[in-house]
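Peer 1: One structure, pasted below without further comment.
Please treat every number below as a calculation from the coordinates, not as lab data. The shown structure was predicted, so the numbers you read here are calculated from the model rather than taken from an experiment. Quick reminder, even Gly has a Cβ in these numbers, built from the backbone with ideal geometry, and neighbours come from all protein chains shown.
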Amino acid sequence: MASLTLNLLKDELPVEQESLVLSGEVKTGLVLVDLVNGFCTVGAGNMAPRQPDKQISGMVDESVRLARGFCENKWPVFAFLDSHHPDIPEPPYPRHCIAGTDEAKLVPALEWLENEPFATLKCKDCIDGFVGSIEKDGSNLFVDWVKNNQIKKILVVGICTDICVLDFVCTTLSARNRGFLAPLEDVIVYSHGCATFDLPVHIAKTLKDAIAHPQELTHHVGLYIAKGRGAKVVSEVTFGAPKEP
């Protein structure tokens, strides 16, 4: 039944996807959304997977591959890390990714980014990374990153497709449309570089105040909404050599 529902949804809400070749001809930045233990590492907290999850592990693998490729090419990388004060809840979600704990740290496969000169790391205490990048003086670290690096395209990967990734993408597109992010032109979401959590209906019914969140359905809906807001969605990302002049 679940697979039938998913197929029906994809028929009614199709998401056409392209392939992306990164050659360095157009200044492109990589944005990693919340690749932290609290969302990606089995058993790492209230919002972490309870058992190995193929979609999440695949997302981590692709994000690591892209981060390595970008840094080897000396291209800019921006990584959001979900990080909350213990006394400030984030309803409707349970306590998660408390600052200073292992939950709020990058997954082991990406810890090297902390010492990477081409990577900018930003702890955020809210769902939307664009909002979470606003500093006390009113400046915005993400906006400054785009402008200082003269980025024309951003490639977005991470978790969750329909929550933190989607909110960041939508706000970024609105800011671009208002002219706040020049020279940014395109926001690209890599479908296999994104993932979300799984809370099937039959389990949600046994939990107080829980809302069902079937993984494949919500992942697809997140991609569909992002594309509807103006993002480009790609199903494949490869690195290629610049074209000969």
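Peer 1: Quick one: would you say LEU81 is in contact with a helix residue (DSSP H, G or I) (Cβ under 7 Å, 6 or more places away or on another chain) and surrounded by fewer than 22 Cβ atoms within 10 Å (Cβ to Cβ)?
Peer 2: For LEU81, the condition - in contact with a helix residue (DSSP H, G or I) (Cβ under 7 Å, 6 or more places away or on another chain) and surrounded by fewer than 22 Cβ atoms within 10 Å (Cβ to Cβ) - is not met.
Peer 1: Just name the residue that is surrounded by the most Cβ atoms within 10 Å (Cβ to Cβ) out of those in the stretch 201-210 that are free of Cβ contacts under 8 Å to residues at least 60 places away in the same chain and part of a loop (DSSP other than H, G, I, E, B).
Peer 2: Per the stated criteria, the residue is ALA210.
Peer 1: Go through (1) surrounded by fewer than 19 Cβ atoms within 10 Å (Cβ to Cβ); (2) closer than 20 Å to PHE130 by Cβ for GLN51 and report which single condition fails.
Peer 2: For GLN51, the failing item is (2).
Peer 1: Out of all the residues in the stretch 85-94, is one or more crowded, with 16+ Cβ neighbours inside 10 Å, touching a residue at least 12 places away in the same chain (Cβ under 8 Å) and either of a type in the set (A, V, I, L, M, F, W, C) or out of contact with any His (no Cβ under 7 Å at 6 or more places or on another chain) (or both)?
Peer 2: No; the residues of the stretch 85-94 include none that is crowded, with 16+ Cβ neighbours inside 10 Å, touching a residue at least 12 places away in the same chain (Cβ under 8 Å) and either of a type in the set (A, V, I, L, M, F, W, C) or out of contact with any His (no Cβ under 7 Å at 6 or more places or on another chain) (or both).
Peer 1: Further question on the same structure: Could we say that THR171 is among the hydroxyl-bearing types (Ser, Thr, Tyr) and in contact (Cβ under 8 Å) with a residue 12 or more places away in the chain here? Spell out the reasoning first.
Peer 2: Details: among the hydroxyl-bearing types (Ser, Thr, Tyr): yes; in contact (Cβ under 8 Å) with a residue 12 or more places away in the chain: yes.
So THR171 fits the description; yes.
Peer 1: Something else now. Which of (1) under 25 Å from SER133 (Cβ atoms); (2) surrounded by fewer than 23 Cβ atoms within 10 Å (Cβ to Cβ); (3) among the polar types (S, T, N, Q) does THR238 not meet, given it meets every other one?
Peer 2: If we test THR238 against (1) under 25 Å from SER133 (Cβ atoms); (2) surrounded by fewer than 23 Cβ atoms within 10 Å (Cβ to Cβ); (3) among the polar types (S, T, N, Q), just (1) comes out false.
Peer 1: With closer than 18 Å to GLY29 by Cα, under 14 Å from the mean Cα position of the chain (by Cα) and not hydrophobic (A, V, I, L, M, F, W, C) as the only criterion, which of GLY193, GLY240, GLY222 stands out? Lay out the reasoning, then the answer.
Peer 2: Numbers: GLY240 fails: under 14 Å from the mean Cα position of the chain (by Cα); GLY222 fails: closer than 18 Å to GLY29 by Cα.
Every option except GLY193 fails the conditions.
Peer 1: Considering only the stretch 182-200, state which residues are surrounded by fewer than 18 Cβ atoms within 10 Å (Cβ to Cβ), among the hydrophobic types (A, V, I, L, M, F, W, C) and under 25 Å from VAL60 (Cβ atoms).
Peer 2: Residues of the stretch 182-200 that are surrounded by fewer than 18 Cβ atoms within 10 Å (Cβ to Cβ), as a first pass: 182-183, 185-186, 192, 199-200.
Then keep just the ones that are among the hydrophobic types (A, V, I, L, M, F, W, C); that gives 182, 199.
Within the stretch 182-200, LEU199 is the sole residue that qualifies.
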